[in-house]
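To keep things clear, I will list the structure first and then write my remarks on it.
The values are calculated or read from the model by the stated rules, or taken from the named source; none is laboratory data. Since this is a predicted model, take the numbers as computed values, not measurements. Methodologically, a virtual Cβ is constructed for each residue, glycine included, from the backbone with ideal geometry; neighbour enumeration extends over all protein chains shown.
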Amino acid sequence: MVVQALKDQGVDTVFGYPGGAVLPIYDEIFQQNDIRHILVRHEQGAVHAAEGYARSTGKPGVALVTSGPGATNAVTGLTDALMDSIPIIVLTGQVPTFMIGSDAFQEADTVGITRPCTKHNWLVKETDQLAATLHEAFHVATAGRPGPVLIDIPKDVQFATGKYAPPKPSTSHYQPRLKGDMEEITELVAAMETAKRPIFYTGGGVINSGPAASQLLRELVDATGFPITSTLMGLGAYPASGKNWLGMLGMHGLYEANLAMHDCDLMINIGARFDDRITGRIDAFSPKSIKAHIDIDPSSINKVIKADIPIVGDVAHVLEDILKVWKSRGRKTNAEAVAKWMGVIDGWRSKNCLAYTNSETSIKPQYALERLEALTKDRKDRFICTEVGQHQMWAAQFLGFEDPNHWMTSGGLGTMGYGFPASIGVQMAHPDALVINVAGEASWLMNMQELGTAAQYRLPVKQFILNNERLGMVRQWQELLHGERYSHSWSEALPDFVKLAEAFGAKGILCKDPADLDDAIMEMIEYDGPVIFDCLVEKHENCFPMIPSGKAHNEMLLGEAETQGVIDAKGSILV
Ligand SMILES: Cc1cc2nc3c(=O)[nH]c(=O)nc-3n(C[C@H](O)[C@H](O)[C@H](O)COP(=O)(O)OP(=O)(O)OC[C@H]3O[C@@H](n4cnc5c(N)ncnc54)[C@H](O)[C@@H]3O)c2cc1C
Ligand SMILES: Cc1ncc(C[n+]2csc(CCOP(=O)(O)OP(=O)(O)O)c2C)c(N)n1
C-alpha cells in the first residue's frame with residue numbers, strides 16, 4: 001500500500017535509511033523498480049535531500065526512516081522544512097500498535113515529538129486507513145502554504161493486508177483559499193496608481209506558488225516600472241538581470257534595497273512573512289508606508305506587521321487579478337513620481353555597497369564567488385545550494401538568479417549541514433545539471449557523511465567550500481558586537497579536504513592563490529563526479545552590509561571599501 005500510494009502520487013525518488021521498524025516497506029521497495037531509493041548516511045541527510053528535491057522541482061520530496069533514532073534524527077530537517085514552507089512527506093516506522101507505550105525497543109513518541117515541527121502528522125493504527133492517509137498527506141503537504149508532514153506506521157500495520165484505495169479528487173476539509181478578495185485587490189490597484197515611492201517586496205511564497213507566479217510577477221514589475229526587492233527565500237522569482245531589480249533586502253541585504261523599503265510610501269509584500277531579518281526594529285520599520293500583504297496563510301497576515309491592505313490568496317491567482325484590474329482601469333501609475341523615486345534609488349545604488357578590497361595574495365570570499373558567478377552564470381542548468389553563515393550571505397549577494405527553483409538555502413531555521421544533502425536531492429532530480437553547494441567548512445562538516453551517498457550514486461555534486469577555518473558568521477558577530485572576544489569560533493583540527501574526498505572516491509581540489517582560481521573552478525565543473533573544492537579564503541573578512549539585530553534599516557553597517565575612507569576604528573560605519 002505504501003509503495004503503491006507513492007507510485008500513484010507520482011513519486012520517483014525516496015531518500016531513506018532502513019531499520020527494524022520499516023523492514024516490511026523496504027522489502028516491498030526491493031521488489032519493484034518504479035521508485036528509486038537513495039540510501040543516505042544519516043536521517044537528517046534524507047530529509048534535507050528531500051527538501052532539495054522538492055525546492056528544485058516544485059514537487060513534494062519523500063523520506064523514509066525507521067522508528068526511534070531514525071525519527072528523532074529527522075526532526076531538524078522537519079523543522080527546517082516547516083520554517084521555509086517546503087513540501088515533504090516523511091514516513092517513519094513505529095513499534096507494533098500493541099507495544100506502543102511499553103518502552104519497546106526503538107520506541108519514541110514520534111507524533112508527539114514532531115507535532116510542533118510538522119504541518120500535520122498521523123499515527124496510522126488501522127490498515128484500512130493507510131492508503132487514504134497517505135493520499136491526504138500529499139494533499140496537506142502541497143496545498144496552501146506548503147510544509148512537512150509525517151506518517152508514523154506501526155510495524156503490525158505494515159505486515160497486515162487490507163484494501164488499497166487509489167487517490168481520488170480530494171474530499172479533504174483542508175481547502176485553502178486561492179483567490180484574493182476583489183475589493184482588497186481593487187484597493188491595492190488604486191494605491192498603485194497614485195503611489196510616489198512604491199516597492200515590491202517579494203518572498204518564498206512566489207516560488208511556492210509555482211512558475212506561473214514568477215511569470216506574472218515579471219509582467220507586473222515590467223509593466224508598472226516599480227522597483228523590486230526580495231528576501232533570501234524569494235531569489236530567482238524576478239531575474240537578477242531585470243532592470244528594476246534592487247537585490248536582496250534585510251540584515252545582509254543591499255543598501256539601496258533596505259533604504260528603499262525604509263522610505264517607500266507603498267510596500268507591496270508578495271509571499272513574504274515580515275521576518276525579523278527583514279524588519280529589524282519593528283517600530284522603525286518603513287514608518288511612512290501603506291502596506292499591502294499577499295499571503296496564502298491567513299495566520300501570516302498581521303502576525304508581525306499590520307497590513308493596511310490584507311489579501312489572503314495564492315500569489316499566482318492574486319497577481320493575475322491585480323493585472324486584470326490594473327489593465328482594465330487604464331494601466332495608470334504616477335509615472336513622473338516613480339521616475340524620480342528610481343533616481344533616488346540610483347543615488348543609493350551608487351554607493352556600491354558590495355564593494356570590497358581585493359587582494360593579490362589571498363583569496364577574498366567575495367572574489368571567489370564573483371569568479372564562480374562569471375564562470376557559471378550562463379548555464380541555465382545551474383542550481384546553487386548553500387550551508388549557513390557568511391558564505392551563504394555572500395552567495396546571495398554575489399550570485400545572480402534568473403529563474404525560480406534554482407536556489408536552495410536554509411532561511412528560517414538557518415540549519416548548518418543543510419546544503420550538502422540538499423545538493424544530493426537536487427542532483428537526483430536533475431541528473432545532468434550543474435549542482436553547486438556553496439559551503440563554509442564548519443557547516444559542511446556537519447553532514448559530511450553524505451559524501452558516501454554522493455560517491456555511491458556517482459552524483460557529480462560540487463562542494464565549493466569557502467574555508468576560512470572559522471565559524472565565520474559567529475566570529476563576525478563577536479568582532480563587531482562582543483568586543484573581539486572570539487569565544488570558541490574556530491576549529492583547530494580541520495581535515496585535509498583533498499584526502500577526505502579521495503578517501504570516499506571523490507575528487508579533491510585545493511586552491512589558495514587567487515591566480516589559480518579560474519582554472520581550479522573549471523576543473524571542478526568539468527570533473528564528472530563529486531568534487532570537494534577546498535578554497536582557502538581570507539580568515540577575518542566580514543560580510544557587509546549588515547543591520548545588527550534589533551536595529552533599523554537606516555542603521556546599517558557598511559564595510560571599509562564602500563565608505564571611501566569615512567570609517568571608524570573598527571573598519572565600519574553607521575550610515
Ligand atoms: C545567516 C542568515 C542570515 C539571513 N539574512 C537574511 C537577509 O539578510 N535577508 C533575508 O531576506 N533573509 C535573510 N535570512 C533568511 C530569513 O531568516 C528568513 O528565512 C527569510 O527572510 C524569510 O523569507 P520570506 O519572508 O520570503 O519567507 P518564507 O519563509 O519563504 O515564507 C513565505 C511566505 O509566503 C507564504 N506563501 C507560501 N506559499 C504561498 C503561495 N502559494 N501564495 C501566497 N503566499 C504563499 C507563506 O505563508 C509565508 O508567509 C537569513 C538567514 C540566515 C540563516
Ligand atoms: C546547526 C547549527 N548550529 C549552530 C549555528 C549557528 N551558526 C550560524 S553561522 C555559524 C558559523 C558557520 O561557519 P561556516 O560554516 O564555516 O561558515 P562561514 O560563516 O565561515 O562562512 C554558526 C555556528 C547554526 N546556524 N546551525
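Results for (1) surrounded by 16 or more Cβ atoms within 10 Å (Cβ to Cβ); (2) at negative phi; (3) part of a helix (DSSP H, G or I); (4) modelled with pLDDT of 95 or more, shown as yes or no for each residue.
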{"residue": "VAL11", "(1), (2), (3), (4)": "yes, yes, no, yes"}
{"residue": "ILE29", "(1), (2), (3), (4)": "yes, yes, yes, yes"}
{"residue": "GLN32", "(1), (2), (3), (4)": "no, yes, no, yes"}
{"residue": "GLY45", "(1), (2), (3), (4)": "yes, yes, yes, yes"}
{"residue": "HIS48", "(1), (2), (3), (4)": "yes, yes, yes, yes"}
{"residue": "TYR53", "(1), (2), (3), (4)": "yes, yes, yes, yes"}
{"residue": "SER56", "(1), (2), (3), (4)": "yes, yes, yes, yes"}
{"residue": "LYS59", "(1), (2), (3), (4)": "yes, yes, no, yes"}
{"residue": "VAL62", "(1), (2), (3), (4)": "yes, yes, no, yes"}
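Restricting attention to the stretch 230-257 and to residues that are polar (S, T, N, Q) and near ligand 1 (Cβ under 9 Å from one of its atoms), the residue that is farthest from GLN476 (Cα to Cα) turns out to be SER230. You will find that of GLY440, GLY414, the residue that is within 13 Å of ligand 1 (Cβ to nearest atom) and touching a His at 6+ places or on another chain (Cβ under 8 Å) is GLY440 and no other. Just one of (1) assigned to a loop (DSSP other than H, G, I, E, B); (2) at pLDDT 95 or above; (3) within 16 Å of ligand 2 (Cβ to nearest atom) fails for PHE533. It is (1).
Identify, from the list LEU459, LEU471, the residue that is away from ligand 2 (no atom under 16 Å from the Cβ), more than 20 Å from the chain's Cα centre (by Cα) and either small (Gly, Ala, Ser) or surrounded by fewer than 24 Cβ atoms within 10 Å (Cβ to Cβ) (or both).
Sole residue among the options that is away from ligand 2 (no atom under 16 Å from the Cβ), more than 20 Å from the chain's Cα centre (by Cα) and either small (Gly, Ala, Ser) or surrounded by fewer than 24 Cβ atoms within 10 Å (Cβ to Cβ) (or both): LEU459.
Listed by position, the helices (runs of 4 or more DSSP H) enclosed by the stretch 402-501 that each have at least 2 residues that are farther than 25 Å from ALA374 by Cα and modelled with pLDDT under 95 are 472-481. Taken over the stretch 298-317, the criterion of being over 17 Å from MET261 (Cβ atoms), of a type outside the set (Lys, Arg), surrounded by fewer than 18 Cβ atoms within 10 Å (Cβ to Cβ) and touching a residue at least 12 places away in the same chain (Cβ under 8 Å) is satisfied by PRO298 alone.
Residue by residue through the stretch 219-229, note down the ones that are closer than 18 Å to ALA335 by Cβ, free of Cβ contacts under 8 Å to residues at least 40 places away in the same chain and within 16 Å of ligand 1 (Cβ to nearest atom). Walk me through how you get there before you give the answer.
Of all residues in the stretch 219-229, those closer than 18 Å to ALA335 by Cβ come to 219-228.
Keeping just the survivors that are free of Cβ contacts under 8 Å to residues at least 40 places away in the same chain gives 221-222, 228.
Scanning the stretch 219-229 gives a single hit, ILE228.
The single condition among (1) away from ligand 1 (no atom under 15 Å from the Cβ); (2) part of a helix (DSSP H, G or I); (3) surrounded by fewer than 23 Cβ atoms within 10 Å (Cβ to Cβ) that GLU107 does not satisfy is (2).
Among GLN449, GLN456, which is of a type outside the set (D, E, K, R), more than 12 Å from ligand 1 (Cβ to nearest atom), touching a His at 6+ places or on another chain (Cβ under 7 Å) and farther than 25 Å from PRO545 by Cβ? Explain how you work it out, then say what you get.
Values: GLN456 fails: touching a His at 6+ places or on another chain (Cβ under 7 Å).
Among GLN449, GLN456, only GLN449 is of a type outside the set (D, E, K, R), more than 12 Å from ligand 1 (Cβ to nearest atom), touching a His at 6+ places or on another chain (Cβ under 7 Å) and farther than 25 Å from PRO545 by Cβ.
Just one of ALA212, ALA257 is assigned to a helix (DSSP H, G or I) and buried (at least 17 other Cβ atoms within 10 Å of the Cβ); which is it? Exactly one residue qualifies, and that residue is ALA257.
Name the residues in the stretch 70-94 that are among the β-branched types (Val, Ile, Thr) and on the phi > 0 side of the Ramachandran plot, would you? Break it down into steps so the answer makes sense when it comes.
Step one: filter the stretch 70-94 for residues among the β-branched types (Val, Ile, Thr), giving 72, 75-76, 79, 86, 88-90, 92.
Within the stretch 70-94, none qualify.
Is it the case that ARG177 is surrounded by 16 or more Cβ atoms within 10 Å (Cβ to Cβ), within 13 Å of ligand 1 (Cβ to nearest atom), among the charged types (D, E, K, R) and outside any helix (DSSP H, G or I)? Against the criterion (surrounded by 16 or more Cβ atoms within 10 Å (Cβ to Cβ), within 13 Å of ligand 1 (Cβ to nearest atom), among the charged types (D, E, K, R) and outside any helix (DSSP H, G or I)), ARG177 does not qualify. The combined condition, being out of contact with any Leu (no Cβ under 6 Å at 6 or more places or on another chain), of a type outside the set (D, E, K, R), within 24 Å of LYS340 (Cα to Cα) and within 16 Å of ligand 2 (Cβ to nearest atom), is not fulfilled by GLY242. Checking each residue in the stretch 357-397 for being within 16 Å of ligand 1 (Cβ to nearest atom) and in a helix (DSSP H, G or I) picks out PRO365, GLN366, LEU369, GLN390, HIS391, GLN392, MET393, TRP394, ALA395, ALA396, GLN397.
Looking only at the stretch 319-346, residues that are surrounded by 15 or more Cβ atoms within 10 Å (Cβ to Cβ) and farther than 27 Å from LEU259 by Cβ come to 4 in all. Consider the stretch 366-408 and keep the residues that are away from ligand 2 (no atom under 14 Å from the Cβ) and among the polar types (S, T, N, Q). The one that is farthest from ILE228 (Cα to Cα) is THR376. Can you spot a residue in the stretch 83-100 that is free of Cβ contacts under 8 Å to residues at least 40 places away in the same chain, away from ligand 2 (no atom under 16 Å from the Cβ) and surrounded by fewer than 24 Cβ atoms within 10 Å (Cβ to Cβ)? Taking every residue of the stretch 83-100 in turn, at least one turns out to be free of Cβ contacts under 8 Å to residues at least 40 places away in the same chain, away from ligand 2 (no atom under 16 Å from the Cβ) and surrounded by fewer than 24 Cβ atoms within 10 Å (Cβ to Cβ).
Cβ-Cβ distances below 6 Å connect the following pairs, each with a first residue in the stretch 372-399 that is at negative phi, a second residue that is outside any helix (DSSP H, G or I) and among the aromatic types (Phe, Trp, Tyr), and a separation of six or more residues or different chains: ILE384/TRP407.
Within the option set ASP34, ASP109, being more than 28 Å from the chain's Cα centre (by Cα) and without any contact (Cβ under 8 Å) to a residue 12 or more places away in the chain holds for one residue only, ASP109.
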